[in-house]
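The values are calculated or read from the model by the stated rules, or taken from the named source; none is laboratory data. Everything quoted here is computed from the prediction, not taken from an experiment. Cβ coordinates were reconstructed from backbone atoms using ideal geometry, including for glycine residues, and neighbour counts include every protein chain displayed.
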Amino acid sequence: MLNELNKKIINCQKCSLAKTRTNAVPGEGPDNAKIMFIGEALGEQEDIQGRPFVGPAGKFLTGLLNSINLQRDNVFISNVVKCRPKIDNRNRPPKIDEINACKPYLDEQIEIIKPKVIVTLGNIALQTLLGKKFTITKIHGKPQEKNRTIIFPMHHPAVAVRFPKFKKVMQEDVEKLKEVLKKEKIQLFKKKE
Ligand code: URA
Ligand code: SF4
């Protein structure tokens with residue numbers, strides 16, 4: 001089922017980011033993943049390579065996952081916005097109409113994958129899933145619940161790359177995530193069949 005959705009995303013023309021992108025990136029991971037990580041939008045490397053979180057922020061994220069024995073292969077990784085928003089070849093935050101155009105794809109992915117835990121990375125992913133009254137500075141590391149799915153808010157790894165003091169905060173939060181996964185009896189070590 002993800003296959004069909006992936007095709008729709010790869011060919012999507014629903015917002016103006018389609019004109020400037022190299023690749024639209026649906027995300028990657030098993031379609032029965034128990035955990036999803038959702039970022040904001042593609043950066044330069046993701047746009048070029050056609051994969052989510054493969055630039056500097058992605059390397060930091062992968063290290064965090066590995067530090068609690070999670071492997072990228074066993075989780076689903078994607079973004080709210082599946083193309084790269086840019087200005088003068090620099091990243092910019094996605095606009096509200098871009099988020100609104102792209103969000104149905106994330107909703108469909110969640111519907112198909114039915115994860116037990118969704119880790120939101122940064123404010124955009126958090127507010128897209130839980131609404132504007134939540135802010136990341138207040139609730140990072142504190143699990144929330146929506147439709148019987150646990151939403152676990154974390155800072156965006158790009159913030160930790162830019163401001164190293166956030167690395168410690170993110171490391172602490174990922175340890176809390178590990179406890180949540182343990183409590184929910186979500187297997188960390190075993191490879192998915
Ligand atoms: N930042 C994001 O939000 N997503 C990526 O895939 C890469 C960087
Ligand atoms: Fe389509 Fe989303 Fe890309 Fe816009 S950002 S073109 S809605 S896939």
Exercise for the section: Considering every residue within segment 128-140, establish whether at least one is in a strand (DSSP E or B), within 23 Å of residue 5 (Cα to Cα) and in contact with a helix residue (DSSP H, G or I) (Cβ under 9 Å, 6 or more places away or on another chain). Expected result: no
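Being hydrophobic (A, V, I, L, M, F, W, C), under 12 Å from the mean Cα position of the chain (by Cα) and either at pLDDT 95 or above or under 19 Å from residue 121 (Cβ atoms) (or both): is that true of residue 33 here? Before the answer, list the steps.
Working: hydrophobic (A, V, I, L, M, F, W, C): yes; under 12 Å from the mean Cα position of the chain (by Cα): no; either at pLDDT 95 or above or under 19 Å from residue 121 (Cβ atoms) (or both): yes.
Against the criterion (hydrophobic (A, V, I, L, M, F, W, C), under 12 Å from the mean Cα position of the chain (by Cα) and either at pLDDT 95 or above or under 19 Å from residue 121 (Cβ atoms) (or both)), residue 33 does not qualify.
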Exercise for the section: From the list 51, 72, 92, pick out the single residue that is more than 9 Å from ligand 2 (Cβ to nearest atom), charged (D, E, K, R) and closer than 28 Å to residue 131 by Cβ. Expected result: 92
Practice task
Using the structure shown, decide if residue 19 is free of Cβ contacts under 8 Å to residues at least 40 places away in the same chain, part of a helix (DSSP H, G or I) and away from ligand 1 (no atom under 12 Å from the Cβ).
Solution key: yes
Problem - Among (1) surrounded by fewer than 16 Cβ atoms within 10 Å (Cβ to Cβ); (2) within 15 Å of the chain's Cα centre (by Cα) - the single one residue 150 does not satisfy - result: (1)
Handout entry: Selection count where residues are farther than 20 Å from residue 87 by Cβ, loosely packed, with under 14 Cβ neighbours inside 10 Å and of a type in the set (Val, Ile, Thr), scope segment 1-23
Key = 1
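To keep it simple, each residue is scored yes or no on (1) in contact (Cβ under 8 Å) with a residue 40 or more places away in the chain; (2) more than 14 Å from ligand 1 (Cβ to nearest atom).
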residue: 28; (1), (2): yes, no
residue: 33; (1), (2): yes, yes
residue: 42; (1), (2): yes, no
residue: 56; (1), (2): yes, no
residue: 78; (1), (2): yes, no
residue: 96; (1), (2): no, yes
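Just to be sure I understand, how many residues within segment 65-109 are in a loop (DSSP other than H, G, I, E, B), of a type in the set (A, V, I, L, M, F, W, C) and out of contact with any Gly (no Cβ under 9 Å at 6 or more places or on another chain)?
The initial filter retains those residues of segment 65-109 that are in a loop (DSSP other than H, G, I, E, B), namely 68-71, 75, 82-85, 88-89, 92-95.
Filter again for of a type in the set (A, V, I, L, M, F, W, C), leaving 68, 70, 75, 83.
Now narrow it down to the ones that are out of contact with any Gly (no Cβ under 9 Å at 6 or more places or on another chain): 68, 70, 83.
Here the count works out to 3.
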Fill in the blank from the handout: With criteria (1) within 22 Å of residue 174 (Cα to Cα); (2) within 15 Å of ligand 2 (Cβ to nearest atom); (3) not basic (Lys, Arg), residue 32 comes up short on (2)
